[in-house]
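So the structure is just underneath, and the comments pick up after that.
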Amino acid sequence: MAEKHVTFPVLGMTCATCALNIERTLKKLEGISRVDVNFAGEQVSIDFDPGKTRIGEIVKSIEKAGYKAVIPDASGDAEDAEMAARSAEIRDQTRKFIVGVLFTTPLFLISMARDFGLSGPWSHEPWVNWMFWALATPVQFYTGWDYYAGGFKSLRNRSANMDVLVAMGSSTAYFYSFALLLFPVPGHHVYFETSAVIITLIKLGKMLESRTKGKTGGAIRKLMGLRPKTAQVMENGVEIQVPLDRVKVGDILLVRPGESIPVDGEIVDGESAVDESMLTGEPLPVDKTPGDKVVGGTLNKDGLIRFRATRVGKETALARIIRLVQDAQGSKAPIQDLADRVAAIFVPSVIAIAFVTFFIWWGTAGEFVPAMIRLVAVLVIACPCALGLATPTAIMAGTGKGAEKGILFKNSTALQTAAELNVIVMDKTGTITMGKPTVRDVFTLGEGCDSEEKVLIRAASVEKGSEHPVGKAIVAHADALGLQLHEPQNFKAFRGSGVEAVVNGESVKVGKPDWIRSLGVDTAPLNEKIEEYQSMGQTVMVVARKMDLCGLICVTDQVKPESAQAVSELHQLGLSVAMLTGDNARAALAVAGEVMINEVMAEILPEDKSLKIKELQSKHRKVGMVGDGINDAPALATADIGFAIGTGTDVAIETGDVILSGGELTGVPRAVRLSRATMRTVRQNLFWAFFYNIFLIPVAAGVLYPFDVFPGFLRQLHPIPAALAMAVSSLTVVSNSLRLYYAKID
């Protein structure tokens with residue numbers, strides 16, 4: 001049974017260790033081949049064999065591990081279910097934070113006033129400590145209950161996450177203080193305000209983090225928001241509004257000005273301009289007339305149109321793009337491996353450091369309370385969240401930014417690798433050129449080929465059996481002249497060389513000059529013309545009747561207006577650019593010269609293109625291949641990164657690592673710039689995540705205490721600013737990732 005791929009939200013994760021817990025849990029199930037858990041996006045992506053395990057078993061395993069999987073029922077809407085669950089979680093976090101603030105504020109103010117001698121003698125009465133306990137307890141066990149529950153589930157899974165650190169740190173201060181209430185010790189005071197402020201500050205950080213983190217997935221929600229909930233379907237001449245999931249292929253739909261087009265289709269009546277920026281990243285509307293294709297999610301600007309649905313539901317271009325972006329955001333980039341390895345041992349290491357700190361300070365100073373304060377500070381300043389958020393938040397923001405610009409990365413590995421490329425190889429036809437060859441000149445020679453019409457009839461009749469763009473151009477030219485073509489018999493295609501068939505009782509061959517010569521046909525009478533037109537960048541096809549030269553057909557393919565600009569931008573990025581084509585060397589060099597490409601590999605058969613890519617890679621080069629995603633599939637697959645040029649609904653989703661849905665070559669340098677910006681952000685995030693922990697954990701442990709040059713608050717770091725630093729570290733990483741939405745990639 002074929003493997004199945006699913007992606008769905010998982011709520012309740014508090015740090016990278018939680019994501020690793022879910023991965024370990026799911027990998028124990030039979031039939032699971034791949035699991036990626038995205039802590040930042042709160043999603044799990046799974047490949048599994050439905051014959052060995054079921055979705056229900058997967059969900060049960062996740063929930064048994066202590067997390068919540070959001071799976072809508074058959075009649076529900078996945079996005080609505082996810083948003084409802086996330087909104088409920090944010091409301092719960094906000095409610096608990098407000099309770100924390102209401103009880104912590106008076107507790108903190110009165111406690112600080114007493115410590116600094118700003119309150120009267122009443123504040124030292126025994127009942128005041130009991131009042132502190134009454135204020136701290138709701139914070140400890142209502143606002144902070146999530147940390148106890150999460151910590152217990154984590155320990156039950158034989159691991160330790162951030163919840164364990166927070167629960168241990170705050171509980172140490174709280175229960176020490178409660179013990180003093182029951183068994184007072186002269187000269188010792190309670191630390192209820194410490195435990196309450198720690199929990200409230202960390203809850204504030206998690207609440208802000210969840211809200212800010214949600215913005216990194218804004219591109220997905222924006223794409224999803226493009227789909228209308230209903231559609232206007234014409235039934236027996238009557239307009240009926242139906243839910244979008246009831247639209248079927250073949251239905252006639254009506255769309256008014258200002259409305260979104262609900263599904264993919266073909267216009268049957270009306271004219272309009274359609275905003276396709278969601279697909280191509282280009283803001284200018286595209287004129288549409290009967291026969292033109294429209295894409296679901298695009299915006300009808302100014303005309304009433306009727307169209308026939310051709311793709312609905314999960315088959316629409318928008319649905320495929322959403323799946324592509326979701327998969328990319330849910331996948332793991334190789335650079336995340338380091339953070340994952342650290343996260344796996346982070347919390348146990350911090351707990352060990354905290355206890356070592358406690359015993360060192362207790363042993364050397366002989367005082368329990370200062371040692372306890374150090375222990376609490378170490379526990380609450382450690383931030384595994386920042387490590388877990390560093391890579392995925394940047395990946396989510398980068399892929400989201402790309403989707404808005406018509407650049408679709410299939411996975412985060414492609415996003416990372418694109419930043420490492422040093423050579424870009426481009427196909428010629430359909431990539432650098434328009435991909436729509438047209439016949440420019442026809443030359444005649446020999447008996448029975450004394451007119452252009454006779455040469456075209458023979459050549460076009462043979463090419464009727466061909467799928468090659470040049471062959472189609474010859475047939476289209478003959479049709480435009482109204483010529484009567486014959487049906488080819490015994491048609492044979494010689495890939496990359498030419499075609500032959502029996503036309504009206506005689507053998508006719510059409511192909512490249514070298515191939516025709518190899519068959520024994522003398523092309524000497526037209527060799528001068530062949531070289532002349534090849535040097536002008538044209539493709540020359542020789543037509544032979546039996547074994548005699550019949551004529552030449554010169555086909556030209558116009559260079560795309562943006563090709564030279566794209567090549568120039570790639571050069572500015574420090575990349576080498578090469579052309580790989582099956583066309584003749586003269587034609588290839590002419591096109592390469594026009595767009596300033598200095599490395600040309602011409603007359604390469606389609607099956608040999610991948611070998612050329614391997615040759616470049618053998619020179620220790622990271623190679624990106626740009627092609628149309630169909631004819632160049634082997635080369636695209638062989639390259640380190642395959643850029644598939646696609647337009648509209650024809651985008652080759654299954655081919656290449658990066659899909660340029662706008663169909664413009666300038667998308668390649670945009671993709672490289674975006675990739676570099678994203679990886680730069682990832683490295684910045686990892687730096688700050690490691691900096692916070694590597695620098696501040698020793699500070700909390702007291703390594704700066706002997707040095708008078710440092711300020712007192714660093715030499716004796718209190719748990720309250722330590723908790724604040726923990727909250728700020730995650731927000732720093734997420735906010736830095738959000739800057740990618742403003743990165744200049746054009």
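What the table shows:
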quantity: Residue 593, sole failed condition from (1) farther than 30 Å from residue 513 by Cα; (2) touching a Gly at 6+ places or on another chain (Cβ under 9 Å); (3) modelled with pLDDT of 85 or more; calculated: (1)
quantity: Any pair with Cβ under 9 angstrom, 6 or more apart, that starts in segment 246-271 at a residue that is surrounded by 17 or more Cβ atoms within 10 Å (Cβ to Cβ) and ends at one that is among the acidic types (Asp, Glu) and assigned to a loop (DSSP other than H, G, I, E, B); calculated: 263/251; 265/251; 267/292
quantity: Condition met for residue 277 (open to solvent by 10 Å² or more (accessible area, probe 1.4 Å) and closer than 30 Å to residue 386 by Cα); calculated: no
quantity: Candidate set: segment 533-558, residues that are open to solvent by 80 Å² or more (accessible area, probe 1.4 Å) and out of contact with any Gly (no Cβ under 7 Å at 6 or more places or on another chain); chosen: the one nearest to residue 475 (Cα to Cα); calculated: 558
quantity: Members of segment 590-618 that are assigned to a helix (DSSP H, G or I), open to solvent by less than 50 Å² (accessible area, probe 1.4 Å) and of a type in the set (A, V, I, L, M); calculated: 590, 591, 592, 595, 613, 616
quantity: Filter pass, residue 645 being closer than 12 Å to residue 423 by Cα, touching a helix residue (DSSP H, G or I) at 6+ places or on another chain (Cβ under 6 Å) and either open to solvent by 10 Å² or more (accessible area, probe 1.4 Å) or in contact (Cβ under 8 Å) with a residue 12 or more places away in the chain (or both); calculated: no
quantity: Flag if residue 353 is touching a helix residue (DSSP H, G or I) at 6+ places or on another chain (Cβ under 8 Å) and surrounded by fewer than 22 Cβ atoms within 10 Å (Cβ to Cβ); calculated: yes
quantity: Candidates 292, 337, filtered to the one that is within 23 Å of the chain's Cα centre (by Cα) and of a type in the set (D, E, K, R); calculated: 337
quantity: Answer residue from segment 363-383, given it is open to solvent by less than 20 Å² (accessible area, probe 1.4 Å) and not in a helix (DSSP H, G or I) and is modelled with the highest pLDDT among those; calculated: 382
quantity: Selection from segment 299-320 of residues that are modelled with pLDDT under 90, in contact with a Ser or Thr (Cβ under 7 Å, 6 or more places away or on another chain) and open to solvent by less than 20 Å² (accessible area, probe 1.4 Å); calculated: 303, 317
quantity: Any pair with Cβ under 9 angstrom, 6 or more apart, that starts in segment 687-705 at a residue that is under 11 Å from residue 382 (Cβ atoms) and open to solvent by 80 Å² or more (accessible area, probe 1.4 Å) and ends at one that is of a type outside the set (Phe, Trp, Tyr) and part of a helix (DSSP H, G or I); calculated: none
quantity: Residue count for segment 176-196, restricted to those that are open to solvent by 40 Å² or more (accessible area, probe 1.4 Å) and among the aliphatic types (A, V, I, L, M); calculated: 3
quantity: Pick from segment 149-175, criterion open to solvent by less than 20 Å² (accessible area, probe 1.4 Å) and among the aliphatic types (A, V, I, L, M), ranking: nearest to residue 126 (Cα to Cα); calculated: 173
quantity: Residue pairs meeting the criteria (Cβ under 6 Å; at least 6 apart or on separate chains; first within 13 Å of residue 149 (Cβ to Cβ), in segment 8-19; second charged (D, E, K, R) and open to solvent by less than 10 Å² (accessible area, probe 1.4 Å)); calculated: 14/163
quantity: Segment 468-493: number of residues that are open to solvent by 60 Å² or more (accessible area, probe 1.4 Å) and touching a strand residue (DSSP E or B) at 6+ places or on another chain (Cβ under 7 Å); calculated: 6
quantity: Residue tally, condition under 30 Å from residue 697 (Cα atoms) and not in a helix (DSSP H, G or I), over segment 316-355; calculated: 4
quantity: When residues of segment 1-13 are limited to those that are surrounded by 19 or more Cβ atoms within 10 Å (Cβ to Cβ) and of a type in the set (A, V, I, L, M), the one nearest to residue 390 (Cα to Cα); calculated: 13
quantity: When residues of segment 567-589 are limited to those that are part of a helix (DSSP H, G or I), closer than 18 Å to residue 422 by Cα and touching a strand residue (DSSP E or B) at 6+ places or on another chain (Cβ under 9 Å), the one most open to solvent (accessible area, probe 1.4 Å); calculated: 571
quantity: Candidates 709, 626, filtered to the one that is closer than 26 Å to residue 382 by Cα, of a type in the set (A, V, I, L, M, F, W, C) and either open to solvent by 20 Å² or more (accessible area, probe 1.4 Å) or at pLDDT 90 or above (or both); calculated: 709
quantity: Failed item, numbered, when residue 673 is tested on (1) more than 17 Å from the chain's Cα centre (by Cα); (2) part of a helix (DSSP H, G or I); (3) in contact (Cβ under 8 Å) with a residue 12 or more places away in the chain; (4) surrounded by fewer than 21 Cβ atoms within 10 Å (Cβ to Cβ); calculated: (1)
quantity: Residue satisfying condition, being within 48 Å of the chain's Cα centre (by Cα) and farther than 25 Å from residue 94 by Cα, within set 159, 170; calculated: 159
quantity: Hey, residue 521 open to solvent by less than 50 Å² (accessible area, probe 1.4 Å), hydrophobic (A, V, I, L, M, F, W, C) and modelled with pLDDT under 90 or not; calculated: yes
quantity: Residue ID - least open to solvent (accessible area, probe 1.4 Å), chosen from residues in segment 407-428 that are charged (D, E, K, R) and in contact with a helix residue (DSSP H, G or I) (Cβ under 7 Å, 6 or more places away or on another chain); calculated: 428
quantity: Residue count for segment 14-37, restricted to those that are within 25 Å of residue 203 (Cβ to Cβ), within 22 Å of the chain's Cα centre (by Cα) and open to solvent by 10 Å² or more (accessible area, probe 1.4 Å); calculated: 1
quantity: Residue among 431, 399, 393 that alone is farther than 30 Å from residue 502 by Cβ and either out of contact with any helix residue (DSSP H, G or I) (no Cβ under 6 Å at 6 or more places or on another chain) or among the aromatic types (Phe, Trp, Tyr) (or both); calculated: 431
quantity: Residue in segment 629-641 that is nearest to residue 433 (Cα to Cα), counting only those that are part of a loop (DSSP other than H, G, I, E, B) and at pLDDT 90 or above; calculated: 639
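The values are calculated or read from the model by the stated rules, or taken from the named source; none is laboratory data. Predicted, not measured: the structure shown is a model, and the values here were computed from it. Backbone-built Cβ (ideal geometry, glycine too); neighbour counts: all protein chains shown. In case anyone asks, the SASA skips ligands and DNA or RNA and just uses the protein heavy atoms, side chains included. Shrake-Rupley method; radii C 1.70, N 1.55, O 1.52, S 1.80 Å.
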